Structure formats: C-alpha cells, structure tokens
Amino acid sequence: MTFHTFECKYPLSGSEFATIHKELKKLGSSYFENKPKMADENKKTDNITKYVCTALSQYGIIIYIILRETTSSTFVPMLIYRINPTRMIEGNKDNYVDVFHCNNALDIPQMANRLLNEISPNLPNIEICSLSRFDYCVNIKLENQQQVTDSIKLINQAFDPTSGYTQKIMFHTKSYKPKYPKTEATFFKSKRVEISFYNKRLQLQQEDLKDEWHEDILRAEFRCFKSYINDLYKRFDINNITDFFENSIEIGNYVIAYQLKKLKLDVIFRSSKSIESIIKNGAFKAKTKLDMLLLVEWVSSHKSLKRVIDTCSKSTVNKKLLKKFHKLGISVKPLPCRSSLPEPFNLPGLIYKFADVKTVNN
C-alpha cells in the first residue's frame, strides 16, 4: 500500500509561537506571510493570518503557522506540517510521480524530525502532532494517454448520485452549463474524504513540473481528512500518529475497499452487449430484466447515469434497480463502442494491482 502526502498539526502556546516565529524569520525569504488575494479576502469569515516556511521544500516539507484571532487582542496559533515522504528521502530530485510505501512509514518521524531540527530546535516532533490528513495514492499504469483520458471520462459518466457523494463539476465559460472535468474525476463527502482519479501527466504540465515520459498514468488518490481519520482511529483502536503509521497498510486496504464500494465503483465496466447477456442470463424476474435492459439503453444514450437519474422518473430508475447491477459486479454505464479501454475494464483490479508499486517505470 502506497501513499503520497500527509499533514499533521500541533497547537502552539503563545510563547512557543513567539520563539518559533522569531527563529523562522531568520530564514529570510523562505519564511513569509501568505496574504490572501482580494477575492479570497471578501469571502473570509474569520480573521486568519497564515505564515509559510519553504526552507525544507526541496525535502518535501512545508511548514504552516495559522493564527486565528478569537478577540481583537488574542489569537490561537496552530502549526501544520505538510510532508511528502518520497521527496523527503530523495532530497532535491525532480521526482513528482513516485509514491511512498507504507512498509517504511515508521521511518518518517525520525527523518522529518532531523530536518526540522536543523532549522529550529523548537519545532515540535512529528510524534506529538495530530494527524489531520493522509493521502493514500496509487499510480495506475495504462497503455497510453488516450486510455487515461477515456478512463476519467468513463468514471465521471458512471457516477451514481444516489451514493451520497458529491461530484466535482466544471462550468462552460459562456453558457455556464455544467460539464465534467476532462482531466479528473473527483468525488467527496462533506469534509471527510475525497476520492480523485486524474491525469498525472497533465497535472505535472499545468504546474510546470518536469516530466518527459509519464503520459500513461492514471493517479488514484484517497484523501482522508480529520473527521474521517478520527473514525479510523476508533475503528482500528489507535491513539496517535505513530500507531496510524504502524497500521497504515491495513487502514489503506480498508479505506480503498470501503470508498470504492460506497461510490459504487467496485465494479467492472463492460460493453452494452456483454451487460445485456449478463442480465438475460441472470436469476431475475422477466419484468426486472426488462427494466435493467431499458436502464442500460438509457444510460448509453444519455451519456451518464446522473443525467438519466435527473431526467427520468423513479419508475425508470431507482435505488433497488441500481443495487441489482452492483450485486452483479458490473457498472450500469457501458463501455463506449469506440473506447480505447479494454473489455472488461476492471478499475478496482487495476488499483489493487498497482497499490504496492512505488516507482512506475517508463
């Protein structure tokens, strides 16, 4: 099981903040106040000051100090570490693709503490911080860039809005009509978890990062936030960040399996003809088979499952009918006739195939 980035935080006392703030200011331009843009300032509901330290950015460590004013004369300081373990180990190498294996997660605190201590001996150690975000990450290697594009489109079109998740939607510049992002398929549930499949090559290009060969990678990320992490602590009977690292493989297997199931993406994508054959040979009543076949036809002609649910009556599509497809292990969204993806396209199978791969070779 591999991951990419994690965040942990530590509440500072007023004196701790004063000491650390003074030490980090000696770093010059590597420590600065991150002032929000004008548009962001208009949206602010709290008076927050944010400092950023990039002195260890070449090692994948960014330090944030957030000051939240409680009254006109008092504030609460919070220190946050954002760490990319792969970058931390490899130093200033331009590696923005490889991920870190959970087998080595327990090595992180000692390595990070040593680097942090070099710029300030008063920075808190990782072990005493509270885990606030953890991104399980899998690089899925496909055959070419077209397959990456087609898989993202397929996942977006197969999204089931009855799952309780929200889908990320873009809007046309002129008409302002909704459209699916071409470079990602992202779904989230409140502020607990976010699941994203995206085109790694395009993401690197957009951020002007060096990459010459990773044009066949579909990146799958399962981003766990504080409230969800708290639930994981309870489920796995752990108490701190060290315990989480120690159990990160088991936790990761659970997170990926559970989130795919809840998103109803733990299924195999097949062509319309294959789906029809499976339905006709299934142990369903004649009326149920007709309803399922009609739904497949509707989804195929309407491009996406969400559009069918939004436009059709409940008698045409309902949760009970959708559950029957899920029980069969197939997606109600058929593979397009001209898709570059192979049939069957086993998305969960690919995720588990590459879940332990740290380096994706050309």
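Which residue, ASP160, ASP243, ASP310, tops the fluctuation ranking in a GNM of the chain built on C-alpha contacts under 10 Å?
Sorting by GNM fluctuation, first place goes to ASP310.
Filter the GluC sites (Glu not before Pro) in the range 83-138 to those in DSSP coil with at most 16 other Cβ atoms within 10 Å of their Cβ, and list the result. List each step's numbers first, then the result.
Details: sites: GLU90, GLU118, GLU127; in loops: none.
Answer by residue number: there is no such site.
Relative to the longest principal axis of the chain, what angle (0 to 90°, nearest 10) does the C-alpha long axis of helix 14-25 take?
Result, in degrees: 90.
Under a crude label model (7 Å from the Cα following the beta-carbon direction), how far is THR359 from THR19 in nanometres?
Reported label-point gap for THR359 and THR19 is 4.1 nm.
Once the Cβ-Cβ distance between GLU343 and LYS287 is put in as r, and R0 is 25 Å, what FRET efficiency do you end up with, to the nearest 0.05? Don't skip to the answer; put the middle values down first.
On the way: r = 28 Å, r/R0 = 1.13.
It comes out at approximately 0.30.
Could you tell me whether the range 272-362 comes out rounded, prolate or oblate from its Cα gyration tensor? Rule is a ≥ b ≥ c as square roots of the eigenvalues, rounded for a/c under 1.5, then prolate if a/b exceeds b/c, otherwise oblate.
Numbers: a/c = 2.18, a/b = 1.90, b/c = 1.15.
Verdict is prolate for the range 272-362.
Using amide H atoms built 1.01 Å from N in the peptide plane, name the residues 5+ places from PHE75, or on other chains, whose amide H lies under 5 Å from its own.
So PHE75 has HN proximity to THR70.
Would you kindly enumerate the cysteines in the chain that have no other Cys beta-carbon under 4.7 Å from their beta-carbon?
Within the chain, the cysteines lacking a partner Cβ under 4.7 Å are CYS53, CYS102, CYS137, CYS224, CYS312, CYS337.
Whole-Hz ³J(HN,Hα) for each residue in the range 237-242, computed from phi via Karplus 6.51 cos²θ - 1.76 cosθ + 1.60 with θ = phi - 60°, x for glycine and proline: what do you get?
My calculation for the range 237-242 gives 6, 10, 10, 8, 5, 5 Hz in order.
Here are several values of Kirkwood radius over Cα pairs in Å: (i) 21.5; (ii) 22.8; (iii) 28.8. Which one was derived from the coordinates shown?
(ii)
Could you tally the net charge around ILE229, taking each other residue with its Cβ under 11 Å from the Cβ of ILE229, Lys/Arg +1 and Asp/Glu -1?
+4
Say R0 is 22 Å: what FRET efficiency, to the nearest 0.05, do LYS261 and LYS168 get from their beta-carbon distance? List each step's numbers first, then the result.
Details: r = 20 Å, r/R0 = 0.92.
The calculated FRET efficiency here is 0.65.
Please list, in chain and number order, the residues 5+ apart from THR5 or on another chain whose amide H is under 5 Å from its amide H, with Hs placed from the backbone.
Those lying under 5 Å, H to H, from THR5 are ASP135.
What residue among THR166, THR242, THR71 shows peak mean-square fluctuation when the chain is described by a Gaussian network model with Cα springs under 10 Å?
Most flexible of the set in this elastic network: THR71.
Please list, in chain and number order, the residues 5+ apart from LEU12 or on another chain whose amide H is under 5 Å from its amide H, with Hs placed from the backbone.
Hits under the 5 Å cutoff: MET78, LEU79.
Would you mind telling me the share, in percent, of accessible area of the range 122-202 contributed by carbon and sulfur at probe 1.4 angstrom? If you can, show how the numbers build up before the last one.
On the way: 1900 of 3650 Å².
That share works out to 52 percent.
Please compute the modelled spin-label separation between ASP243 and VAL76, points set 7 Å along Cα→Cβ, answer in nm with one decimal.
Computed distance between label sites VAL76 and ASP243 equals 2.3 nm.
Looking only at SER272, SER73, SER30, which one moves most when the chain is put into a Gaussian network model with springs between Cα atoms under 10 Å?
SER73
Applying 1/(1 + (r/R0)^6) with R0 = 51 Å to the Cβ-Cβ distance of GLU143 and LYS26, what FRET efficiency is obtained, to the nearest 0.05? Spell out each step's value before the answer.
Values: r = 51 Å, r/R0 = 1.00.
The pair GLU143/LYS26 has a calculated efficiency of 0.50.
Relative to the present Cα-Cα distance, how much length would full extension add between LYS35 and SER301 at 0.36 nm per residue of separation?
Numbers: separation 266, 0.36 × 266 = 95.76 nm, distance 4.82 nm.
My answer for the length gained is 90.9 nm.
In degrees from 0 to 90, rounded to the nearest 10, what is the angle of the helix 145-158 Cα long axis to the longest principal axis of the chain?
Roughly 70 degrees between the two axes.
Per-residue ellipticity at 222 nm for the chain, helices alone: DSSP H runs ≥ 4 residues times -39500 (n - 2.57), over residue total, nearest 500 deg cm²/dmol?
Working: 14 runs with 139 residues, N = 362.
After summing the helix terms and dividing by residue count, I get -11000 deg cm²/dmol.
Under a 1.4 Å probe, what is the accessible area of the chain per residue, stated in Å²? Spell out each step's value before the answer.
On the way: 18940 Å² over 362 residues.
In whole numbers, the chain has 52 Å² accessible per residue.
When the accessible area of the range 245-318 is computed with all protein chains present and a 1.4 Å probe, what percentage of it is carbon and sulfur? It would help to have the intermediate numbers written out before the result.
Details: 2030 of 3990 Å².
Within the range 245-318, the accessible surface is 51 percent carbon and sulfur.
The values are calculated or read from the model by the stated rules, or taken from the named source; none is laboratory data. Because the structure is predicted, anything quoted here is derived from the model rather than measured. A quick note on method: Cβ atoms are made from the backbone with ideal geometry, for glycine too, and the neighbour counts reach across all protein chains shown. Heads up: the accessible areas ignore ligands, DNA and RNA and are worked out on the full protein's heavy atoms, side chains in. Shrake-Rupley method; radii C 1.70, N 1.55, O 1.52, S 1.80 Å.
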